[in-house]
Amino acid sequence: MKDINSLKDKYKNKKCYILGTGPSLTKEILDKTKDGVVISMSGIVFAKKLWNFEPDYLISVDYKNFSDNKTWNLIKSSNA
C-alpha cells in the first residue's frame, strides 16, 4: 500500500475527474479526461474492453455486492 505522503503534490496543477459508471458514460466523455487524473469505481472496468480505458485510480466496493465472479475478477485485474 502506498504511503499517503507520496501522493502529496503528485498531480499538482492537473485536472481531476471523478467518473460515475452509469448508462450515460460514453467514449467521448472518457476522451475528455485525457488531460487529467481519473478516479472511478467498480463498473468502469467494463470500459477497458469497450474503449481500452482504465482510470488512474479505482475505488471498489465489497465483492459480495456482485452477483457474479466475472465482474469481481475484472475489478481485481485492473491496473488502476
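Could you tell me which residue of the stretch 1-23 is modelled with the lowest pLDDT, considering only residues that are assigned to a loop (DSSP other than H, G, I, E, B) and among the basic types (Lys, Arg)? If you could, list the steps in order and put the result at the bottom.
Of all residues in the stretch 1-23, those assigned to a loop (DSSP other than H, G, I, E, B) come to 1-3, 8-14, 20-23.
Subset that is among the basic types (Lys, Arg): 2, 8, 10, 12, 14.
Numbers: LYS2: 59, LYS8: 87, LYS10: 90, LYS12: 93, LYS14: 94.
Per the criteria, the residue is LYS2.
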Among all residue pairs at least 6 apart or on different chains, which show Cβ distances below 7 Å where the first residue, located in the stretch 1-27, is over 14 Å from ILE39 (Cβ atoms) and the second is of a type in the set (Phe, Trp, Tyr) and surrounded by 10 or more Cβ atoms within 10 Å (Cβ to Cβ)?
-> LYS27/TRP51
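Among what's in the stretch 24-53 and is among the basic types (Lys, Arg) and at pLDDT 90 or above, pick the residue that is surrounded by the fewest Cβ atoms within 10 Å (Cβ to Cβ).
First, pick out the residues of the stretch 24-53 that are among the basic types (Lys, Arg): 27, 32, 34, 48-49.
Adding the requirement that they be at pLDDT 90 or above leaves 27, 32, 34.
Numbers: LYS27: 12, LYS32: 12, LYS34: 10.
Looking at the filtered set, the residue picked out is LYS34.
The values are calculated or read from the model by the stated rules, or taken from the named source; none is laboratory data. None of these values were measured; they are calculated from a predicted model. Glycine gets a Cβ as well: all are built from the backbone with ideal geometry, and neighbour counts include every protein chain shown.
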